[in-house]
Amino acid sequence: MTRAIISLILLLHWSQGAMGGDDVVQEPKILWKPKGNSANMNCTHTMGTSYFQMYWYRQRPGETMRLIVLTIAGSDPDFGDVDKDKFEAHKSVADRGSLIVKDLEPEDSAIYFCLVSQHSVSKAGEC
């Protein structure tokens, strides 16, 4: 019997900080798991507490990136239109979060991106 191996490639998304270090770090960088297992991915950043919105995207071969979930510390994850039973997301503090892909199948092979965003308040102009 042959066991399928699922590859999840975590592309490091970063920007250079004032000290020359990485501001956003994903780990592990490459992940191989057997079919049926779960894959746990972590994301941390050093950009400050105002960057409390964390987005997880997936890009399958030949496809565009697709948002999996938006997480904000202290709030429930917003999975939008993806299967909530397939993914689990955790974020209890502004500078770190995690994504779990459950019950791995070959179609879960993809590049997974973690991005962070700074909260901003928009003001409506007067007409």
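Within region 30-50, can one find any residue that is touching a residue at least 24 places away in the same chain (Cβ under 8 Å), in contact with a His (Cβ under 7 Å, 6 or more places away or on another chain), surrounded by 11 or more Cβ atoms within 10 Å (Cβ to Cβ) and more than 17 Å from residue 102 (Cα to Cα)?
Yes, the conditions are met somewhere in region 30-50.
Here's a check for you: in region 6-28, which residue that is closer than 18 Å to residue 102 by Cα and open to solvent by less than 100 Å² (accessible area, probe 1.4 Å) is modelled with the lowest pLDDT?
10
Looking at (1) modelled with pLDDT of 90 or more; (2) touching an Asp or Glu at 6+ places or on another chain (Cβ under 9 Å); (3) open to solvent by less than 60 Å² (accessible area, probe 1.4 Å), which is the only condition residue 85 fails?
Going through (1) modelled with pLDDT of 90 or more; (2) touching an Asp or Glu at 6+ places or on another chain (Cβ under 9 Å); (3) open to solvent by less than 60 Å² (accessible area, probe 1.4 Å) one by one, residue 85 breaks only (3).
The values are calculated or read from the model by the stated rules, or taken from the named source; none is laboratory data. Source: prediction; values computed, not measured. Glycine gets a Cβ as well: all are built from the backbone with ideal geometry, and neighbour counts include every protein chain shown. SASA here: full protein model, heavy atoms, side chains in, ligands and nucleic acids out. Shrake-Rupley method; radii C 1.70, N 1.55, O 1.52, S 1.80 Å.
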